[in-house]
1. Please return the ranges of helices (runs of 4 or more DSSP H) entirely within the stretch A:186-263 where 3 or more residues are open to solvent by 50 Å² or more (accessible area, probe 1.4 Å) and either touching a residue at least 60 places away in the same chain (Cβ under 8 Å) or of a type in the set (S, T, N, Q) (or both).
2. C:Ala67 fails exactly one of the following numbered conditions: (1) under 22 Å from C:Lys164 (Cα atoms); (2) within 13 Å of chain A (Cβ to nearest Cβ); (3) not charged (D, E, K, R). What is the number of that condition?
3. Name the single residue that is farthest from C:Glu301 (Cα to Cα) among those in the stretch A:52-65 being within 7 Å of chain C (Cβ to nearest Cβ) and open to solvent by less than 10 Å² (accessible area, probe 1.4 Å).
4. Go through the stretch C:52-64 and count every residue that is in a helix (DSSP H, G or I) and more than 7 Å from chain A (Cβ to nearest Cβ).
5. Looking at the stretch B:36-90, which of its residues are among the small types (Gly, Ala, Ser), closer than 30 Å to C:Ile77 by Cα and not in a helix (DSSP H, G or I)?
6. Taking the stated definitions as given, is A:Asp28 acidic (Asp, Glu), touching a residue at least 24 places away in the same chain (Cβ under 8 Å) and in contact with a Ser or Thr (Cβ under 9 Å, 6 or more places away or on another chain)?
7. Could you check B:His24 against (1) under 15 Å from the mean Cα position of the chain (by Cα); (2) over 29 Å from C:Met34 (Cα atoms); (3) open to solvent by 50 Å² or more (accessible area, probe 1.4 Å) and say which number it fails?
8. Search the stretch C:279-300 for residues being facing chain A (nearest Cβ under 8 Å) and surrounded by fewer than 19 Cβ atoms within 10 Å (Cβ to Cβ), and hand back the single one that is farthest from the chain's Cα centre (by Cα).
Amino acid sequence: MTRPSVAGDRTSGAANPLVDYLLRIADDRLVLGHRLSEWCGHGPILEEDIALSNMALDLIGAASALLALAGTVEGKGRDADALAFFRDETAYRNALLVEQPNGDFAVTIVRQFLFDAYSVLQLDALSRCGHADLAAIAAKSLKEDKYHLRHSSDWMLKLGDGTPESHARTQRALDTLWRYTDELFVPDAVDHATAALGVSIDLDAIRAQWHQLVADVVGRATLTLPASTVRATGGRSGRHTEHLGHMLAEMQIVARSHPGATW
Amino acid sequence: MTADSQWPLWEVFTQGSKGLPFAHAGSVHAVDAENALLNARDVYARRGEAVNLWVVPSSAIVASAPSDAGPFFDPGNDKAYRHPQFYKVPRGVVVF
Amino acid sequence: MANTTTAPHDDPALVAAFEARIAAGESIEPKDWMPERYRRQLTRMMSQHAHSEIVGMLPEGNWITRAPSLRRKLSLIAKVQDEAGHGLYIYCGTETLGVDRHELVNQLLDGKAKYSSIFNYPTLSFSDVGVIGWLVDGAAIVNQTILAKTSYGPYARAMIRICKEENFHKRQGFELCAHLAKGTPAQQAMVQESLNRFWWPSLMMFGPSDTDSPNSGELLRWKVKRKTNDELRQRFVNLTVPQVQALGLTLPDPDLTFDEATGNWTFGAIDWDEFQQVISGNGPCNHERLAARRKAHNDGEWVRAAATAYAAKRASASTEAA
């Protein structure tokens, strides 16, 4: 009598690497957009409340288009809503950076700035990639994210070089969030597999450009780039911080309470 | 009540599409020109209502006083010769 | 714009000229002479309106993070964001009357200012988002289309912009309710329950009955208001009842009947005691609403101060460089 084998795969990725790849790009934007939407009605000044909502709308809009595309490529009949509301946290593929809670306004701005700087470089490269639908979505989002970067860079300067309190809060946020930035640039099996399909971006080049851009703004904001080399990764393979589960519990509660219903 | 940092007021002018004149849309609070421009964009152009924006510190706007209305504007009302309709053109002539 | 010049004590000749302008249907602009009472009444009305938009972000904002589809999530964020915009436009209008926004915001946070009673009711299910869009924004549109003809230019202009945007709010609300009314039994029950909870508070939104509305006479004479509270309330009921019927829903009013003679839907007695309780600060959510606004304001102070400090440093740096 033989025992059943318990030796499974090391990873639990989707069968089609392109689906995984699209989910990463989509989930970054859905999760960050959701975080920004938590500010709606609670911003530091009316004008900024409106600005944060605008960015949330852009990001969730891009996520919707990307999730729809992921569902089509997957071919199992899952639409954008099915992917957003009926996947558990371990099936989410966003980077850890974007799921971090809003904290104070400094945490929100630093998180946004670090992501925006990455996003404009990533989308610029993707807008020229070999997958027409993805390239089209990237080109549209790129315009939006360039504006986001202008907005978050401006706030980096204002907070970093504002008052001693704002400087301290912003430096603290930068120090805390820095550990989550490395993950954005580490290629893995999914990146290698999609490269064969004509969908790949040079993450090393993007890392160098990102670093230059971030260092420039951080310097002008009179802040200091963290020296720490502590790295937290795992989001791309579904190993998240505990924050994501709580966010999704709230986000998915109504949809999951009414299985089969449409809205 | 805690301390309250009030930002200055800026007037926002939007151009609806290329070639049209700029028109006053409203105002926003902002600390500097970049901040005013970004806020104006988010508040007054979020439905694609504008292709161009001007922002001006409200304190820089000089307005005519209501008491000046007579001397300022009435004299413009009786200068019929400033309008093309004042001039007759012979029948059948195409005016360019 | 710089503060308007202080109005002299209301000179009867100026008042007469002002009232003649109003009667001729002219619009009043910020720097025009106006009676002090007119300025005060407008400031009061516009600030209440602006506060209502800002506090009004909270009940619906309560469901942004739980909206059950991406489409609903986007439209809800856009809607709540519009309310921030509307508040902002109207505060700008009060600034043309020489009143700073932060002065009015402080009155709100200190609990001294009024805002629409409806926003002191809790949102307890997702369908409340639909019912608020449909009834509350519907009621607001009835009010605001009339206000777009108000005599004060900046208010009228803000209102025209707002009405255009508000139509999307009502449409998305009604669409959601219509969708739920044809949905699963649970969705149907959900929307009916929301409607039951929000119907009477929606009627109260139009304010006290004409027999009990202290400011109405003057406001109507100056064409700040163009219709009475009761006229607007009746118009709203007449418009809404057929919509409720079309969705196959019911209204929680056994006295609701159609009056053939007047063409009006007559409705039961409004609980004015409840209304008084809510506007005097004792509604179900007054405390939470103001606490949320105060928290946002207080938490934001270091941010506003930082931006101010930054701008001051840049300004002095550029003066030194020059």
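The values are calculated or read from the model by the stated rules, or taken from the named source; none is laboratory data. All figures in this text were calculated on a predicted structure; none of them were measured in a lab. Positions of Cβ are backbone-derived with ideal geometry, glycine not excepted, and every protein chain shown enters the neighbour counts. Accessible surface is based on the protein model in full, side chains and every heavy atom, while ligands, DNA and RNA are left aside. Shrake-Rupley method; radii C 1.70, N 1.55, O 1.52, S 1.80 Å.
1. Of the helices (runs of 4 or more DSSP H) lying wholly inside the stretch A:186-263, those with at least 3 residues that are open to solvent by 50 Å² or more (accessible area, probe 1.4 Å) and either touching a residue at least 60 places away in the same chain (Cβ under 8 Å) or of a type in the set (S, T, N, Q) (or both) span A:203-220, A:243-257.
2. (1)
3. Checked the stretch A:52-65; the qualifying residue farthest from C:Glu301 (Cα to Cα) is A:Ile60.
4. Total satisfying the criteria: 6.
5. Matches in the stretch B:36-90: B:Ala45, B:Gly48, B:Ala50.
6. Yes.
7. Answer for B:His24: the failing condition is (2).
8. C:Asp299
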